[in-house]
Amino acid sequence: MSHSKKILFSCLLVLFGPFLHASTFVGNGGNMGDIELQVAIQQIRDAILNLPDAAQPCQCELDEDDHPVCETLKSLTEDQQKYCGDVLQKQRTELLELLAKADRIQFRWSDEDLKVMEMGRPLSVDALANYEQQEILIQRNRFLSSSAHERIFLLSHELLHLAPWEGKPIKDEQNSGPFQEVQGGRHLLNAVAAQVVVQSYRKDLFDKYEGALNRSQNTKSHWLEAFAGISHQSEKTTSLTIEDFQNLRLAYRYHWDRLGVGLRFDTSRGTKTLFTRTKAEEQRQKWGVGLNYRIVLGSNPLTVWGQSHLILAAYLEMLQSRYKLDDGEVELQDGATAPGATVGCTYYTPARGGLWFSLGVEYSSFDYSYKGFSTLRSFDEKSRLGSVNLGVSYGF
Ligand SMILES: [Zn+2]
C-alpha cells in the first residue's frame, strides 16, 4: 500500500468509523466493474452534454410511464420540478468538469458492505460520496448487479454531492429550495439524478453503450481454451522426418494482471509416403507448463481495440511421440520421450459473453531419438516446427 493510499484509507476509517472494513483500489484500470463504471460515467457525460440550452422542469417523458425513475419525478410538485431543472442546468458545467478531469475526482471500489449512520441508525448504501476527498466509494457487487439506468441514477446522485451548490455541498439531510423536508437534499438529488436517466433515454445512450457492456473483457483471471492448427518443419533432419502436422490443443491459463501461468495439452499427427508405398505416421502428445504475458492493444477499454490483446507465451513441455512405418506387409514402430520448449504470440479479439477468437503463431523445438526399430537403423530427430493456430477461448 502506497503512502498516499494509507493516508486515504485512514481518513476513510475515521470518517466511516467501524462500518467500513475494507476497500480496494481506484477503479480506472483493469479491475472487475471498471467497464460498467466507465460506461455509466460516459452515459452521464453524454446525457449532460446534450441537455437543452435552457433549463427545463424535471419531468418524466418516457414512453414507459411506469419506469422506476418516473415514480420519483411524478411525485414532484410543479415548484420542485422547476427547481430540479434549474439545479441540473446550473450544475451542468461543474459536473462535466468533475467527469472530465481525472485528478478532480476519484472512484473507488468497496467489496465490503457500505453503511452510514442516519438518524442514529446504520443504513446500508450502494455508494458514498466524500466531498472533502472528492471521492465516490462504490459497493462493487451491488453496482454490478444493478441495471444500466440504476447505475446512472446512483452515480449522478453521488456526483451531485461533490458539486458545490451555492458555495457548499448538498447533503442528504438538509432542505433546499422547495424541498423542505428533513431529507430534502436527498429528494432533490434523486430528482435531478432521475432527470439524467430520462435524458439518457432521450439520447439513446443505453443502446449506444450496449456493445461495450456485452463485449468480452480482457481482465478476467481464468481462461479455458481450445485450438486447432497446422505445423510445418522446413528442414528435414532425415529422410524419415515428417514435415507437416495437424494439431489440437486444450489449455488453461490463470492471470493476475498482465502476467499469467498456464497448463496445456497438445496432440498432433503427421503422415507421409516413403519409397512410393511405405506409409509413415508420427503421433505426438505434449504436456506443458508456462508463462504468459498480456499486452492490451488499445487504450479505451470500451472499444473492440481496447479489449483486443496479444499473449506472449513461453512453455516448457514434455513430448511423447510414436513413429510407425507400414509397407503393407510389415509394420514397424517405435516411441520416444523428450523435453522441449515452445514460444508463441497469439492475437485475441473479443466476442460477447466472455468468448474470444484468436489467431496465433509459435515455434517449438524438440530433440529426440527413435532407437527401437528392429530392421532400420535408429534415427535422431531435430524437430523445429513453426505453427499457426486458430482458437476459441472463454474468460471468466
Ligand atoms: Zn445522497
**Prompt:** If we count every other residue with Cβ under 10 angstrom of Asp327's Cβ, Lys/Arg +1 and Asp/Glu -1, where does the sum land?
**Reply:** -1
**Prompt:** Taking +1 at the Cβ of each Lys and Arg and -1 at the Cβ of each Asp and Glu, which of Leu51, Gln134, Gly372 sits farthest along the dipole of the chain towards its positive end, judged by Cα position relative to the Cα centre?
**Reply:** Gly372
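Pairs to check: Lys74/Lys168; Lys90/Lys115; Lys279/Lys382; Lys90/Lys171; Lys220/Lys286; Lys90/Lys208. Give those whose C-alpha atoms are more than 23 Å from each other in this structure. Please list the in-between numbers first.
Details: Lys74/Lys168 28 Å; Lys90/Lys115 30 Å; Lys279/Lys382 21 Å; Lys90/Lys171 17 Å; Lys220/Lys286 26 Å; Lys90/Lys208 26 Å.
The pairs that break the limit, which is 23 Å between Cα atoms, are Lys74/Lys168; Lys90/Lys115; Lys220/Lys286; Lys90/Lys208.
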**Message:** Which of Leu332, Leu154, Leu160 has the fewest other C-beta atoms within 10 Å, and how do the rest follow up to the most?
**Reply:** Leu332, Leu154, Leu160
**Request:** Would you mind giving the average projected area, over all directions, of the Cα convex hull of region 222-395 in nm² with one decimal?
**Result:** 10.5
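Ranked by Cβ crowding within 10 angstrom, fewest neighbours first, how are Cys60, Cys70 ordered?
Fewest-to-most Cβ neighbours within 10 Å comes out as Cys70, Cys60.
Based on the Kirkwood radius over alpha-carbon pairs, what is the Stokes-Einstein translational diffusion coefficient of the chain at 20 °C with 1.002 mPa s viscosity, in µm²/s? Working shown, then result.
Numbers: Rh = 25.3 Å.
Answer from the Stokes-Einstein relation: 85 µm²/s.
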**Message:** I want the local charge near Ile48. Using Cβ-Cβ distances under 14 Å, sum +1 for each Lys or Arg and -1 for each Asp or Glu among the other residues.
**Reply:** +1
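If you take the Cα Rg of region 165-227 and divide it by 2.2 N^0.38 Å, with N the number of residues, what do you get? The partial results should precede the final answer.
Values: Rg = 20.2 Å, N = 63, 2.2 N^0.38 = 10.6 Å.
So the Cα radius of gyration is 1.91 times the expected 2.2 N^0.38 Å.
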**Prompt:** Around Leu250, with a cut-off of 13 angstrom between Cβ atoms, what is the net charge of the other residues, counting Lys and Arg +1 and Asp and Glu -1?
**Reply:** +2
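Kindly work out what percent of the DSSP beta bridges joining two residues of the chain are antiparallel, to the nearest 5.
On the way: 124 of 129 bridges.
If we restrict to bridges inside the chain, about 95 percent are antiparallel.
Quick one: His187, His222, fewest Cβ neighbours within 10 Å first, how do they rank?
On the way: His187 21, His222 13.
Result, fewest neighbours first: His222, His187.
A short reminder: the numbers here are calculations on the coordinates, not readings from a lab. Keep in mind that what you see is a predicted model, and the values were worked out from it rather than measured. As a convention, Cβ positions derive from the backbone with ideal geometry for all residues, glycine included, and neighbour counts pool all protein chains shown.
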